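Structure, as structure tokens:
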Amino acid sequence: MLNGKELAKISAHQSERTKKIIEDKATYVAGGISCTFPFVVKQAKGAVIEDTDGNTYLDFYAGIGVTSCGHCPDEVVKAIKEQADRLLHSCFMVSMYEPYVRLAEKLTQIAPGKSPKKAMFVNSGAEAVENAIKIARTYTKRTGIVAFESGFHGRTLLTMTLTSKVKPYKDGFGPFAPEIYKVPFPNIYRGQINTSEEEACKAYLDYFRRFFVSEVNPMNIAAVILEPVQGEGGFNVPPKGYWQGLREICDEYGIVLIADEVQSGFCRTGKMFAVDHFGVEPDLVTMAKSLGSGMPISAVVGKKEIMDSVGAGGIGGTYGGNPVACEAALASIRMMEEQNLSEKSLKIGAYIMDRVRALQKEFPQIGDVRGLGSMIGIEFVKDPVTKEPYKDAVSAINAECFKQGLLVIGAGIFGNVVRFLPPLVLTNEQLTQAMDIFESAVRKTLK
């Protein structure tokens, strides 16, 4: 975040209209709703955001992973406008409409694995996670849920319980939901197991099995939920073998395996879904963010026998699968497939990785560079040996990027990770310019 002196400089050049909006935000919007950047967005297109004073910024956070197809893509906007003329709402649970059915059909076709699948829709990532757990509990007739340290699954009571990071997500909001258990995430960089990736993977899986002996009976566990790439937790990527080991454990004990793809899905990692990198078919997948290109829609897609275990009326919601949002999602998926945004994500990611790893040789404070496709995290440390988190560096780098016209945000339970989530439609020139700004900000901060 920018300091007071920097904020004063920015404010001095803002129009009276912008200042008034910012003042009114402080007056009328709840204090718990914070804003990272001290400006007001007027409009956005592709990978560029324009504020109310006419300043433009390259967007490298994409609405926290929402606008993978870019801001206001023509195909999606057209679909939204056409559907808005036909039907805004009827509540699918009372009177059905075709966009809901067609989107369910499409998602069951592209979801990971070959098992017959079904889908249901709600509005947010947290709602998708809540419903996935409801479905898993109904199917298994068990109650326990296993989640992972550093994970993020939402802000509702249940999903907040699943989430790791006390401040700001959990502090003062208890008591939390019962029957939630946490195990260590196989973080190769920051883990306590200092050995090869293969040996570390085995050790973490051994711990998981031991957990079922020391902490909870596996026959009481309904589901294990894991992000294929942890988002808010710092863009941590598990070893490939870990997902495969989890699949074996879940199969052994009849536990539902849930892949939380809310942030990592829809071409972000170079495949339609991040779990495809690991060669494993989860039982349920939660989806949101890039699914609707900014329209509020989320989904649970899973194996038919599991999805159908809930009785009629047991899942749903008034606005779930809104017809306009469904058409936006269908148009977004068509765009992803026609423009091969998975391949574009891989190329963007490779370029970013090369630039940052070259910078890492110059600045050892860049402790780790990781990710899949264009979902990339850069972890900053004060010392590469002790790996002490360097949160202040991330704050300063992000602030300097903002001043130079690039929007990036942080992540990680220590707040010491810069995360890159650029729209997948950005041009090569925009990508180069963004990385030039980032390098400049790193040099200015760490010189």
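The values are calculated or read from the model by the stated rules, or taken from the named source; none is laboratory data. Computed from a predicted model, the values in this text were never measured in an experiment. Because the Cβ atoms are built from the backbone with ideal geometry, glycine has one as well, and the counts that use them run over all protein chains shown. Note: accessible area is taken over every heavy atom of the protein model, side chains too, but ligands, DNA and RNA are not part of it. Shrake-Rupley method; radii C 1.70, N 1.55, O 1.52, S 1.80 Å.
Numerical summary
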{"read-out": "Tabulated pairs, the stretch 325-338, first closer than 17 Å to A299 by Cα, second outside any helix (DSSP H, G or I) and among the hydroxyl-bearing types (S, T, Y), C-beta under 7 angstrom, 6+ apart or interchain", "value": "A328/S293; S332/S293"}
{"read-out": "Every pair of residues 6+ apart whose Cβ atoms lie under 7 Å, when the first sits in the stretch 187-208 and is free of Cβ contacts under 8 Å to residues at least 24 places away in the same chain and at negative phi while the second is assigned to a loop (DSSP other than H, G, I, E, B) and open to solvent by 50 Å² or more (accessible area, probe 1.4 Å)", "value": "A203/I193"}
{"read-out": "Per-region count, the stretch 104-138, residues among the basic types (K, R) and assigned to a loop (DSSP other than H, G, I, E, B)", "value": "1"}
{"read-out": "Within the stretch 139-154, tally of residues that are in a loop (DSSP other than H, G, I, E, B) and either over 20 Å from the mean Cα position of the chain (by Cα) or more than 15 Å from I180 (Cα to Cα) (or both)", "value": "3"}
{"read-out": "Search result, residues across the stretch 349-382 that are over 18 Å from the mean Cα position of the chain (by Cα) and farther than 17 Å from V442 by Cβ", "value": "A350"}
{"read-out": "Those residues of the stretch 272-300 which are more than 23 Å from E343 (Cβ to Cβ), out of contact with any Gly (no Cβ under 9 Å at 6 or more places or on another chain) and crowded, with 24+ Cβ neighbours inside 10 Å, in sequence order", "value": "V300"}
{"read-out": "Selection within the stretch 51-103 - in contact (Cβ under 8 Å) with a residue 60 or more places away in the chain, assigned to a loop (DSSP other than H, G, I, E, B), among the polar types (S, T, N, Q) and surrounded by 14 or more Cβ atoms within 10 Å (Cβ to Cβ)", "value": "N55, T67, S68"}
{"read-out": "Residues satisfying the stated conditions in the stretch 69-104, i.e. of a type in the set (A, V, I, L, M) and out of contact with any strand residue (DSSP E or B) (no Cβ under 6 Å at 6 or more places or on another chain)", "value": "V76, V77, A79, I80, A84, L87, L88, M93, V94, M96, V101, L103"}
{"read-out": "Tally of residues being surrounded by fewer than 15 Cβ atoms within 10 Å (Cβ to Cβ) and either more than 23 Å from the chain's Cα centre (by Cα) or farther than 23 Å from S395 by Cβ (or both) across the stretch 23-41", "value": "9"}
{"read-out": "Every pair of residues 6+ apart whose Cβ atoms lie under 7 Å, when the first sits in the stretch 431-447 and is touching a residue at least 12 places away in the same chain (Cβ under 8 Å) and within 16 Å of L407 (Cβ to Cβ) while the second is polar (S, T, N, Q) and open to solvent by 20 Å² or more (accessible area, probe 1.4 Å)", "value": "I437/Q404; S440/Q404; A441/Q404"}
{"read-out": "Unique residue being within 24 Å of F438 (Cβ to Cβ), surrounded by fewer than 18 Cβ atoms within 10 Å (Cβ to Cβ) and not aromatic (F, W, Y) when the list is P389, P364", "value": "P364"}
{"read-out": "Meets criteria (modelled with pLDDT of 95 or more and either part of a strand (DSSP E or B) or not hydroxyl-bearing (S, T, Y) (or both)) for K9", "value": "no"}
{"read-out": "Single residue of the stretch 176-188 satisfying the filter (assigned to a strand (DSSP E or B) and in contact with a Phe, Trp or Tyr (Cβ under 9 Å, 6 or more places away or on another chain)) that is least open to solvent (accessible area, probe 1.4 Å)", "value": "V183"}
{"read-out": "Residues being among the hydrophobic types (A, V, I, L, M, F, W, C) and either loosely packed, with under 15 Cβ neighbours inside 10 Å or more than 24 Å from the chain's Cα centre (by Cα) (or both) - total across the stretch 189-242", "value": "11"}
{"read-out": "Matching entry among V385, V408 (being aliphatic (A, V, I, L, M) and modelled with pLDDT under 95)", "value": "V385"}
{"read-out": "Identity of the residue in the stretch 151-172, touching a Ser or Thr at 6+ places or on another chain (Cβ under 9 Å) and at pLDDT 95 or above, that ends up surrounded by the most Cβ atoms within 10 Å (Cβ to Cβ)", "value": "H153"}
{"read-out": "Among the candidates A358, A329, residue that is closer than 19 Å to G125 by Cβ, modelled with pLDDT of 95 or more and among the aliphatic types (A, V, I, L, M)", "value": "A329"}
